[in-house]
Amino acid sequence: MKFFIDTANLEQIKEAQDLGILDGVTTNPSLMAKEGIKGDENIKNHYKTICEIVEGDVSAEVISTDFKGMIKEGEILAALHPQITIKIPMIKDGIKAIKYFSEKGFNTNCTLVFSIGQALLAAKAGATYVSPFIGRLDDISANGVELVRQIVDMYNYYGYGTQVLAASIRHTQHIIQCAEVGADVITAPLSAIVGLLKHPLTDSGLKTFLADYKKLNG
Ligand code: G3P
């Protein structure tokens, strides 16, 4: 399973990259705004900087909602760096744009996916990634991980090449549950990724090992 970090924060991206387990980055307009990145040139430069920090795919989202606008924006984003994946919302013109980009050989990430039917359309359009938002489904008492499981099963059944990228992950259990149902990729905040490190028995066990070494070796 690939690990992407879901942020536009450069320090957090560097920290995850230094850990040696990072496979890519996802961003969205809200995450860019959170870092105070505004203006087309600053946004483009920020994407380029992220691509220089990490080795894998970096999702950059279009803000147009019409086909022509998405194509124009997507082409500009893709030209920034070979690692850019064009992130496109799950709307009618978005599906058309994904089909267009997939035929031209560009990587796409179909975002804001909340149902199995939407995931089916994304795969048929040739999306590289489909992003079911599991935390937001949990927020409304639905089951986000169950949707990931359904999409994984459906894609396996039909042999679709689209990778299931579980997004809107809020905590470590989401990551573990996504691994259990066979997600291809998770994108998570740094806190959830490093949270996987933690176990009190690891901490107490290490403390004892070091104390026992010290007893004999000073
Ligand atoms: O990857 C999508 C993500 O950024 C949305 O997360 O926590 O706003 O639902 P959240």
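Kindly provide the set of residues from the stretch 30-49 that are within 16 Å of Ala188 (Cα to Cα) and open to solvent by less than 70 Å² (accessible area, probe 1.4 Å), ordered by number.
Matches in the stretch 30-49: Leu31, Met32.
When you look at Leu137, is it buried (at least 19 other Cβ atoms within 10 Å of the Cβ) and touching a Ser or Thr at 6+ places or on another chain (Cβ under 6 Å), yes or no?
Taking the combined requirement at face value, the residue does not satisfy it.
If I filter the stretch 1-24 down to residues being among the small types (Gly, Ala, Ser) and not in a helix (DSSP H, G or I), which single residue comes out as farthest from Ile50 (Cα to Cα)?
Gly20
Could you figure out which of (1) within 16 Å of the ligand (Cβ to nearest atom); (2) modelled with pLDDT under 95; (3) not hydroxyl-bearing (Ser, Thr, Tyr) isn't true of Glu55?
It is condition (1) that Glu55 fails.
Considering the stretch 165-174 alone, what residues qualify as being of a type in the set (Val, Ile, Thr) and either more than 13 Å from the ligand (Cβ to nearest atom) or open to solvent by 60 Å² or more (accessible area, probe 1.4 Å) (or both)?
Thr172
Go through the residues of the stretch 168-188 one by one and say whether even a single one is of a type in the set (Ser, Thr, Tyr), in contact with a strand residue (DSSP E or B) (Cβ under 9 Å, 6 or more places away or on another chain) and either modelled with pLDDT under 95 or farther than 30 Å from Lys124 by Cβ (or both).
Looking for residues that are of a type in the set (Ser, Thr, Tyr), in contact with a strand residue (DSSP E or B) (Cβ under 9 Å, 6 or more places away or on another chain) and either modelled with pLDDT under 95 or farther than 30 Å from Lys124 by Cβ (or both), one finds at least one in the stretch 168-188, hence yes.
Output the residue which, of all residues in the stretch 29-38 that are modelled with pLDDT of 95 or more and either in a loop (DSSP other than H, G, I, E, B) or farther than 14 Å from Glu61 by Cα (or both), is farthest from the ligand (Cβ to nearest atom).
Applying the filter and picking the extreme gives Gly36.
Restricting attention to the stretch 50-70, which residues are open to solvent by 40 Å² or more (accessible area, probe 1.4 Å) and aliphatic (A, V, I, L, M)?
Listed by number, the list holds a single entry, Ile63.
I need the full set of residues from the stretch 1-28 which are within 16 Å of the ligand (Cβ to nearest atom) and not hydrophobic (A, V, I, L, M, F, W, C), in order please.
If the condition is that a residue be within 16 Å of the ligand (Cβ to nearest atom) and not hydrophobic (A, V, I, L, M, F, W, C), then Lys2, Asp6, Thr7, Asn9, Gln12, Asp23, Gly24, Thr26, Thr27, Asn28 are the ones that fit.
What residue, among those in the stretch 107-157 that are within 18 Å of the chain's Cα centre (by Cα) and basic (Lys, Arg), is farthest from Ala167 (Cα to Cα)?
The selected residue is Arg149.
The values are calculated or read from the model by the stated rules, or taken from the named source; none is laboratory data. The structure displayed is predicted, hence computed values, not measured ones. Neighbour counts run over all protein chains shown; Cβ positions are idealised from the backbone, glycine included. For accessibility, only protein heavy atoms count, side chains too; no ligands or nucleic acids. Shrake-Rupley method; radii C 1.70, N 1.55, O 1.52, S 1.80 Å.
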